[in-house]
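Trainee: My structure is below; once you've seen it, I'll send some questions.
Values quoted throughout were computed directly from the atomic coordinates according to the rules given, and no laboratory measurement underlies them. Everything numeric here is computed off the predicted structure, so don't read it as measured data. Here the Cβ positions follow ideal geometry from the backbone for every residue, glycine too, while neighbour counts run over all protein chains shown.
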Amino acid sequence: MTTADAGVAAAYDARAAEYVAVAGTIEQMDARDAAVIESWRDGTDGPLLDAGCGPGHWTGFLSRGGRSVRGIDLSGEFVATARERHPGIPFDLGSFRDLPLEAGSLGGILAWYSLIHTPPADVRAIFVEFARVLAPGGSILIGFFDGEPRKPFAHAVAPAYFWSTDALAAVLADAGFEVVSTEARGREADEISVRPHGSLVARAAPSTLVHTRPEEDRG
């Protein structure tokens, strides 16, 4: 875990109960977000990962219909809550910089506002790791705050960064993905955040080679 990850983990651990109270269930989420995530889920095949799962509300949502899904998060408090609320779903404590998964083992990855605290210079490496664990044709759905790319702002829990569709698309392309759909909108008065919302779906390009860790190359 990097120093940046450790700081984010500590910040969310300290405010986990407060976060869960205001944003810990599907019912507290915007219905438009649920519709986007549901559509993406139903358009994927194979196991799914909720990368940066928080207290597990979206992980549980992804599991509907019998889908195989697991979650991972930096916050031990969030993982404990997720395990308690969703006992049939595996949750890992750790960073999605180094996923405890085999190459090509997933059909899709949800990263819903979970990359916002990652220093922009580190985002490409995370996309490369996502590409490693995705099967051919697998996809990722990313939710983010839409604004001036890479510009930091004072998030309520930990320092965060804005992105734009074009800026993320460029980083994704460099990691072997191509964007296939995008969404952007302002916020309603009753939403948890006031900052503009963006999301995109990207798919591993057909020519993308499966990335492996060094130890996986040793036979």
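Trainee: Taking Rh as the Kirkwood radius computed over C-alpha pairs, what is the Stokes-Einstein D of the chain at 37 °C in a medium of viscosity 0.692 mPa s, expressed in µm² per second?
Mentor: On the way: Rh = 17.4 Å.
Translational diffusion coefficient: 188 µm²/s.
Trainee: Just flag the GluC sites (Glu not before Pro) in segment 36-113 sitting in loop per DSSP whose Cβ has no more than 11 other Cβ atoms within 10 Å.
Mentor: Sparse-neighbourhood loop GluC sites (Glu not before Pro): Glu102.
Trainee: Ok, one more. In terms of modelled amide H atoms, which long-range or inter-chain residues lie less than 5 Å from the amide H of Cys53?
Mentor: Counting only residues 5 or more places away or on other chains, the set is Ile72, Asp73.
Trainee: Also, quick follow-up: Springs between alpha-carbon atoms under 10 Å, Gaussian network over the chain: tell me which of Val36, Val133, Val180 tops the mean-square fluctuations.
Mentor: Answer for the Gaussian network model of the chain: Val180.
Trainee: Right, something else. Between Ile116, Ile26, Ile140, which gets the highest mean-square fluctuation from a Gaussian network model of the chain, Cα cutoff 10 Å?
Mentor: Largest GNM mean-square fluctuation: Ile26.
Trainee: Ignoring trypsin sites (Lys or Arg not before Pro) that are buried or in helix or strand per DSSP, and keeping those with at most 13 other beta carbon atoms within 10 Å, what is the longest stretch of the chain between them?
Mentor: My reading of the result: 65-186 is the longest stretch.
Trainee: Could you list which residues have their amide H under 5 Å from that of Gly137, counting only those 5 or more apart in sequence or on another chain, with H placed in the peptide plane?
Mentor: Those qualifying (amide H under 5 Å, at least 5 residues apart or on another chain) are Ala204.
Trainee: Further, regarding this structure: Can you sort His57, His197 by how many other beta carbons sit within 10 Å, fewest first?
Mentor: Details: His57 24, His197 20.
Least to most surrounded, the residues fall as His197, His57.
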